[in-house]
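Single-structure report; data block below.
The values are calculated or read from the model by the stated rules, or taken from the named source; none is laboratory data. Only a predicted model underlies this, so the values are computations on that prediction, with no experimental measurement involved. Using ideal geometry, Cβ is built from the backbone for each residue, glycine included, and neighbour counts are taken over all protein chains shown.
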Amino acid sequence: MTSSSIDFEYLRAVVMRNSGNHVDPSRDYLFESRLQRLLRDRGLQSLSQLVSALRSDPGPTLQRSVAEAMTINETSFFRDTSTFDLLREQLLPALIAARQTTRTLRFWSAASASGRKPTPLP
């Protein structure tokens with residue numbers, strides 16, 4: 001049983017609402033492969049059945065599971081120079097000015113998924 005364009009449209013909307021990621025219609029084929037495990041775990045045979053389940057239970061759990069399966073959990077932070085420019089030109093100067101009297105700044109850094117250390121700021 002093939003999924004209809006309405007099913008793919010609904011799945012794209014679920015992903016957008018729950019992750020902020022846009023899935024281009026030209027990449028609808030990814031739903032078939034990336035949601036196979038979720039279908040199997042839920043005892044579903046098709047994407048159409050998954051869409052029916054999503055429509056009948058609008059709670060966040062299944063929707064988040066779909067969004068999680070469709071995202072690659074990759075950040076572009078270290079690849080996006082505008083992020084570093086914002087940090088260097090606006091955020092850090094403002095933090096330094098606000099903490100000038102104590103002359104201390106504390107930073108928390110989340111671990112990277114691959115275990116690699118982040119590249120130092122230019």
Next item on the list: Could you tell me which numbered condition residue 19 fails, if it satisfies all but one of (1) buried (at least 16 other Cβ atoms within 10 Å of the Cβ); (2) in contact with a Ser or Thr (Cβ under 8 Å, 6 or more places away or on another chain); (3) modelled with pLDDT of 90 or more?
Entry: (3)
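Table: residues versus (1) surrounded by fewer than 17 Cβ atoms within 10 Å (Cβ to Cβ); (2) within 21 Å of the chain's Cα centre (by Cα).
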site	(1), (2)
13	yes, yes
24	yes, yes
33	yes, yes
40	yes, no
47	no, yes
52	yes, no
57	yes, no
60	yes, yes
Item checked: Among residues of region 22-52, those that are at pLDDT 95 or above and of a type in the set (Val, Ile, Thr), counted -> 1
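For region 23-52: of the residues being of a type in the set (D, E, K, R) and part of a helix (DSSP H, G or I), which is nearest to residue 13 (Cα to Cα)?
If we take residues in region 23-52 being of a type in the set (D, E, K, R) and part of a helix (DSSP H, G or I), then 27 is nearest to residue 13 (Cα to Cα).
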Margin query: Can you name every one of the helices (runs of 4 or more DSSP H) wholly within region 53-122 that holds 3 or more residues which are at pLDDT below 85?
Written below: 81-86
